[in-house]
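Engineer: This is the structure I have questions about; it appears just below.
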Amino acid sequence: METSVRLGKVAGIALGFNWSVLLVAALITWSLSTEALPESMPDHGAVQYWAAGTVIAVLFFCSLLAHELAHSIVARHAGVQVNEITLWMLGGVSKLENEAEDARTEFRIAVVGPLTSIGLAVGFGILATAFATAGLPELVVAVPGLLSGLNLILGVFNLAPAYPLDGGRVLRAFLWRQRGDRLAATRAAAHTGRFFGWMMIGLGLVILMSGAAFSGIWLGFIGVFILLASTMELSQTEGRELLSGVAVSRAMTPNPITAPADLSVAALIDRYILRARASAYPAMVGERVVGLVTLDGVRALPPSQRSTMSVADIAVPMSDVPVATPTEPLLSLIPRLTASPVRRALVMEGDRLVGIISMTDVTRALELREVALPTVAA
């Protein structure tokens, strides 16, 4: 899920949200302000209902953020690198660079999110009781009261054994510990997740046919998400298992074609791109790599400037190009590759360029491993 708006950092973790959050926030606010609150607490003004609904929606998404932060902070303490948290229409996503090394760590990372939501439910419930005891207006009491209920639902729902929900990850951790096999545990948890997804889709259809269109469609949509996400997570885990122990040197293109940094872009096209047909060329000053030229960079340059601009002028600087060593595990490089705008990395032995690697190379390496080790992916 891509981040649309960045909110800053907490504990070194970048925070942001996707635009879909605004749609859901608007739906929650509208539903509370025009239906739930007026029906349960009549005789208040529209402005009061909308103010209460807006506060509840904002604080609920803050609660989602706290849920994801709990995952991320525990993960970082366990040595799992967390790059970013993104809120979107179905909750939050913590972007991890690597996975837990053992079942115990997996369990701790997974369970802390629902526990945080349940803790928030208790806290908001206590606050609602305190507000009521103090004799505050019922609409004011309703704000923490509803937030308590929403957080309880969030915590309990996430404990469902539907991988990749938190409960599904708890199930995977339990099976991993029992069987000593992460891949087998992931397969079992993913099958449970797919069953849960189909069950939600079926329940959504029943609710839809009963006349509750919005609830039925929303429940079915969540079911489809769980179904697809569990399948994708299993595929990624199988891919990681296949590439486990594979070094960068096994996947890279060795001795890539390089281009002099002072060469004009027009000459680069005539002498290299039209002949070699590579998609990227390290820019060189003598034996030193100073950047990487890609076809996207060449296309972005107006034809009128190709004779006057040099390779160095349009090259992506080395500070923005991932660098790996031949012996580095391929799995540790993949997150840097996917996060890089050039989607490639240069492979270096000291100051000497020995190869280049792209996501296409990674995919090819995965396909070759599937052929060589069919039982691993079975």
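The values are calculated or read from the model by the stated rules, or taken from the named source; none is laboratory data. All values derive from a computational prediction rather than experimental measurement. Virtual Cβ from ideal backbone geometry, glycine too; neighbours counted across all protein chains shown.
Engineer: Going residue by residue through the stretch 140-163, is there one that turns out to be of a type in the set (Phe, Trp, Tyr), under 23 Å from Ala190 (Cβ atoms) and surrounded by fewer than 21 Cβ atoms within 10 Å (Cβ to Cβ)?
Structural biologist: yes
Engineer: What tally of residues in the stretch 328-341 results from selecting those that are touching a strand residue (DSSP E or B) at 6+ places or on another chain (Cβ under 6 Å) and surrounded by 20 or more Cβ atoms within 10 Å (Cβ to Cβ)?
Structural biologist: Total satisfying the criteria: 1.
Engineer: Listed residues Leu23, Leu65; which is touching a residue at least 24 places away in the same chain (Cβ under 8 Å) and either under 17 Å from Asn151 (Cα atoms) or of a type outside the set (A, V, I, L, M) (or both)?
Structural biologist: That would be Leu65, the only listed residue that is touching a residue at least 24 places away in the same chain (Cβ under 8 Å) and either under 17 Å from Asn151 (Cα atoms) or of a type outside the set (A, V, I, L, M) (or both).
Engineer: A follow-up question, please. Could you give every pair whose Cβ atoms fall below 7 Å, whose first residue belongs to the stretch 223-249 and is surrounded by fewer than 19 Cβ atoms within 10 Å (Cβ to Cβ), and whose second residue is modelled with pLDDT under 85 and of a type in the set (Ser, Thr, Tyr), counting only separations of at least 6 or pairs across chains?
Structural biologist: Taking only residues 6 or more apart or on different chains, not a single pair turns up.
Engineer: Report every pair of residues separated by at least 6 positions or lying on different chains whose Cβ atoms are under 7 Å apart, first residue within the stretch 169-182 and surrounded by fewer than 17 Cβ atoms within 10 Å (Cβ to Cβ), second not in a loop (DSSP other than H, G, I, E, B).
Structural biologist: Short answer, once both residue conditions are applied: Arg177/Ala103; Arg179/Ala185.
Engineer: Here's something else I'd like to know. Kindly provide the set of residues from the stretch 301-333 that are outside any loop (DSSP other than H, G, I, E, B) and in contact (Cβ under 8 Å) with a residue 40 or more places away in the chain, ordered by number.
Structural biologist: Within the stretch 301-333, Gln305, Ser310, Val311, Ala312, Asp313, Ile314, Ala324, Pro329, Leu330, Leu331, Ser332, Leu333 qualify.
Engineer: Shifting gears a bit: Answer yes if at least one residue in the stretch 184-198 is farther than 22 Å from Gly223 by Cα, out of contact with any strand residue (DSSP E or B) (no Cβ under 8 Å at 6 or more places or on another chain) and surrounded by fewer than 19 Cβ atoms within 10 Å (Cβ to Cβ), and no otherwise.
Structural biologist: Within the stretch 184-198, the first condition is being farther than 22 Å from Gly223 by Cα, and the residues that meet it are 184.
Restricting the remaining residues to those that are out of contact with any strand residue (DSSP E or B) (no Cβ under 8 Å at 6 or more places or on another chain) gives 184.
So of that shortlist, the ones also surrounded by fewer than 19 Cβ atoms within 10 Å (Cβ to Cβ) come out as 184.
Yes, some residue in the stretch 184-198 is farther than 22 Å from Gly223 by Cα, out of contact with any strand residue (DSSP E or B) (no Cβ under 8 Å at 6 or more places or on another chain) and surrounded by fewer than 19 Cβ atoms within 10 Å (Cβ to Cβ).
Engineer: OK, next. Do the conditions hold for Met318, that is, is it touching a Leu at 6+ places or on another chain (Cβ under 9 Å), surrounded by fewer than 19 Cβ atoms within 10 Å (Cβ to Cβ) and modelled with pLDDT of 90 or more?
Structural biologist: Against the criterion (touching a Leu at 6+ places or on another chain (Cβ under 9 Å), surrounded by fewer than 19 Cβ atoms within 10 Å (Cβ to Cβ) and modelled with pLDDT of 90 or more), Met318 qualifies.
Engineer: If the requirement is being among the hydrophobic types (A, V, I, L, M, F, W, C) and under 21 Å from Val111 (Cβ atoms), which of these qualifies: Leu59, Leu7, Leu32, Leu65?
Structural biologist: Leu65
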